[in-house]
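What follows is calculated from the coordinates using simple rules that are stated; it is not laboratory data. Bear in mind the structure is a predicted one, so any value in this text is a computation, not a measurement. Quick reminder, even Gly has a Cβ in these numbers, built from the backbone with ideal geometry, and neighbours come from all protein chains shown.
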Amino acid sequence: MTFWKYKELLKELVLRDLKVKYRRSVLGYIWSILNPLLMMLVIALFFSYMFRFQIENYPVYLICGQVIYNFFSDATRQSMHSILHGGALIKKVKLPKYIFPMARSISSFINMLFSLVAVVLVMIITRAPLSLTILLFPLPLIYLFFISMGVGMILSVLVVYFRDIEHLYGIFLLALMYASPIFYPISALPPTAAFIIKFNPLYHIMIMFRDVMYFGTLPSLRDNVVCLAFTLLSMGLGLIFFKKYQDNLVLNI
Amino acid sequence: MAEYAVEVHNVSMRFNLAREKVDSLKEYFIRNVKKNLARDEFYAVKDVSFNIEKGDSFAIVGLNGSGKSTLLKMIAGIYKPTSGHIVVRGSVAPMIELGAGFDQDLTAAENVFLNGAVLGYSRSYIREYFKSIIDFAELWDFVDVPIKNFSSGMKARLGFAIATTVEPDILIVDEILSVGDAKFKQKCEQRMAEMKAKGVTMILVSHSMDQVLKTCNKAMWINKGNMMCIGDVKEVCARYSAQT
């Protein structure tokens, strides 16, 4: 199995990403915690005065949604550039190319784990009830990891052939942000929107994540099935697409 | 019977020329509409077959643009041949361009581990060789300096040291010794002679007939993607020199 042979490389690439991310910044990894906190504060201040949604403990609701969206956005965007960025290597050495989007997804995941500290901090500060279901937090995150990796693999190949994707994807991410229940309650949606939003995998991941972190309930079987279906779909498409085009990548970088 | 280190069977490589490369959506649609997606095709290597025996030092000679590097990249597994197939037995250390694949923001030491992993070696394995790598590259004063502050000669030294210290079965060398000063060049040649003595198979592309004659025992001449002749290094070099 070639993957096993390259696990060391995967490790090195992930370490590289993590080392480079905050190199030369004074606070370093504290930024991974500080960033979601500050962003949550800005949005919370803004929306508490503008809309006054009927949401109990809005900061926790908000930061839970934000962590999910930010991870998806970061992981897919990082993966998208991974092949282009690794071009120098791909042109000089034989490598399994999937290792690049994979490494970026993993390093992004590790960053996201840091931001969970911010979630816990907000929960403690706002005296949110801490329930044992919190221990289930890896479940939605693992679904999300594989969904992001599948999307990232497709993007990483597409962007080599069409550089426009880079710019288009920024717009897509913005649309996705508004189509995800990050700062509004699901009940605020009109019926049509409430139906359409179900096709957004982040919607289901956010529900599950909030179930365990915010509501203190177990994720339902149905949500698990839906998330698993999205995971399989994303990884399946990602792998098929990647396999089909990977051999010609080197000629187009 | 000796097993071959590399077998090349009827290998061809086709490129679509860069001026026809479509890399934006707009262009793609325009061309689609114009039914103009037919590309200029170009064969860099045409139906080439040969074998390299274990322990041989094999040179590939030819003019610029004759397909030498394409052939090397196919043997190294970087390009997949358009048709035909290649069998490679043993681990390959490609030195297609020294210092490629260094991460500019990482220090020299961190890059040694990254580059080692690229060649398939674990952190603990590289740690064993770390001292000899830096010794050879003579970079002890710069171990913790980011690579972006290195001169091209320093990068080349480090790249050469990593690729040759870890003892591959097959070493692929593409005109890399043109960088670096005379002292380093001499050191590299000595290192390559040592590897040859240990039985490492070497595949070399060079424009310097002197170097080819000095280091290789077999050679192949390739012109515009066609194999012109193959065999003993002196014979091939003589014919190549006579023709050009």
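About its Cα centre, how strong a charge dipole does segment A:123-253 have in debye, to the nearest 20, once Lys and Arg get +1 and Asp and Glu get -1 at the Cβ?
Values: 7 positive and 5 negative charges, 34 e Å.
Rounded to the nearest 20 debye, it is 160 debye.
If I take all pairs of Cα atoms in segment B:101-167, what percentage of them are more than 14 Å from each other? Let's see the in-between values first.
Values: 1079 of 2211 pairs.
The share of Cα pairs beyond 14 Å in segment B:101-167 comes to 49 percent.
Pairing the Cα long axis of helix A:201-210 with the longest principal axis of chain A, what angle in degrees results, from 0 to 90 and rounded to the nearest 10?
50 degrees
Okay, helix-only estimate at 222 nm for chain A: each DSSP H run of n ≥ 4 adds -39500 (n - 2.57), divide by all residues, round to 500 deg cm²/dmol; what do you get? Write out the running numbers ahead of the final one.
On the way: 11 runs with 186 residues, N = 253.
About -24500 deg cm²/dmol.
Let me know the longest stretch in chain A that avoids all trypsin sites (Lys or Arg not before Pro) found in a DSSP loop with at most 15 other C-beta atoms within 10 Å. Could you put the intermediate results ahead of the total?
Values: sites that count: A:23, A:24, A:52, A:127, A:163.
Here the longest run is A:164-253.
Which angle from 0 to 90°, rounded to the nearest 10, does the C-alpha axis of helix A:164-178 make with the longest principal axis of chain A?
20 degrees
Compute the long axis of helix A:58-85 from its Cα atoms, compare it with the longest principal axis of the Cα atoms of chain A, and write down the angle in degrees, 0 to 90, nearest 10.
10 degrees
How much of the DSSP beta bridge set in the protein assembly as shown is antiparallel, as a percent to the nearest 5?
Details: 21 of 38 bridges.
Once the DSSP bridges in the protein assembly as shown are tallied, antiparallel ones form about 55 percent.
With 18 Å as the cut-off, how large is the P(r) tail for segment A:50-153, expressed as percent of Cα-Cα pairs? Don't skip to the end; give the middle numbers.
Numbers: 3002 of 5356 pairs.
Value for segment A:50-153 (Cα pairs over 18 Å): 56 percent.
Considering only C-alpha atoms, what is the centroid distance from segment A:39-73 to segment A:129-205, in Å?
What the calculation gives is 16 Å, centre to centre.
State log₁₀ I(q)/I(0) for segment A:105-150 at q = 0.23, 0.25, 0.30 Å⁻¹ as given by the Debye formula over alpha-carbon point scatterers of equal weight, solvent excluded.
Summing over Cα pairs of segment A:105-150 leads to -0.88, -0.96, -1.11.
Beyond 38 Å, what percent of the Cα pairs of the protein assembly as shown remain? Don't jump to the answer; show the numbers that get you there.
On the way: 48207 of 123256 pairs.
The calculated P(r) of the protein assembly as shown puts 39 percent of pairs beyond 38 Å.
P(r) for segment B:128-210, please, calculated from all Cα pair distances in 5 Å bins and given in %.
Going out from 0 Å in 5 Å bins, segment B:128-210 shows 3, 13, 25, 26, 19, 9, 5, 1 percent.
Whole percent per 10 Å bin, from 0 to the bin with the longest distance: what is P(r) over all C-alpha pairs of chain A?
Bin by bin from 0 Å, the calculated values are 7, 29, 34, 22, 8, 1.
What Kirkwood Rh does chain B have if only Cα atoms enter the pairwise 1/r average? Answer in Å. The partial results should precede the final answer.
On the way: mean 1/r = 0.0512 Å⁻¹.
Taking the inverse mean of 1/r over all distinct Cα pairs, chain B comes out at 19.5 Å.
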